[in-house]
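Participant: Handing you this structure, nothing more for now.
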Amino acid sequence: SMHTAFNLVNLLTALLLTNDMFATPLLLLAISSLATVRSDTHVVIVAGSNGYQNYRHQADVCHAYSVLRSNGIPADNIITLAYDDVANNEGNPFPGKLFNAVNGDDVYHDCVLDYTGGLCTMDTFFQVLHGNSSAQIPKVLKSNGNDNVFVVYTDHGAPGYVTFPAGTAMYASDL
């Protein structure tokens, strides 16, 4: 609905403009607390980078997915975009695994990545947010005006824009 879209645009704009390294953990904490009370929570999680040098971004996506699932958010309500070139990268000393913390658990094995590789674009992101499903983009938000919609974006970014591992950058004015 328009109300949900308006709130989502405000949230995204705030995240784009602040680019605060503490935004992701705080957002996950807020989402987790809502999840114990409400079943109408939807989350889109994006890793805005690719390459082994950006390991943490894809690990953050999988960790967020794990936290949300363990706090009762249904898998159907979580949509992930991550290039998926880190877990099986030749530089990874633990092939097929990702860790979000030293001596932590593998967060990759139960992580469901909905859009990977060349589908990690601003266009896919917008199709997901607008609920525009297609053969190429089948899993999209199915929220309504009474639902809570959160976006978790992890990458470097900069004031006023964020990147996607494929395609073009997204600027605040694109919202």
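The values are calculated or read from the model by the stated rules, or taken from the named source; none is laboratory data. Since this is a predicted model, take the numbers as computed values, not measurements. Neighbour counts run over all protein chains shown; Cβ positions are idealised from the backbone, glycine included. These accessible areas exclude ligands, DNA and RNA; they are computed on the full protein's heavy atoms, side chains included. Shrake-Rupley method; radii C 1.70, N 1.55, O 1.52, S 1.80 Å.
Participant: Can you give the accessible area of residue 76, probe radius 1.4 Å, in Å² rounded to 10?
Facilitator: It works out to around 130 Å².
Participant: Between residue 89 and residue 158, what FRET efficiency comes out of the Förster formula 1/(1 + (r/R0)^6) with R0 = 22 Å and r the beta carbon distance, rounded to 0.05?
Facilitator: Values: r = 25 Å, r/R0 = 1.15.
Once rounded, the FRET efficiency stands at 0.30.
Participant: Moving on. Given the C-alpha atoms of the range 28-175, compute the convex hull and give its volume per residue in Å³.
Facilitator: On the way: hull volume 17.6 nm³, N = 148.
Spelled out: Cα convex hull of the range 28-175, divided by residues, is 119 Å³.
Participant: Go through the range 85-175 and name the trypsin sites (Lys or Arg not before Pro) that are in a DSSP coil and have 10 or fewer other Cβ atoms within 10 Å of their Cβ.
Facilitator: Listed in order of number, the matching sites amount to none.
Participant: In whole percent, and with a 1.4 Å probe on the protein chains, what portion of the accessible area of the range 37-102 is carbon and sulfur?
Facilitator: Looking at the range 37-102 in its full context, I get 48 percent from C and S.
Participant: Which order do you get for 121, 80, 116 if you rank them by accessible area with a 1.4 Å probe, largest at the top?
Facilitator: From most exposed to least exposed: 116, 121, 80.
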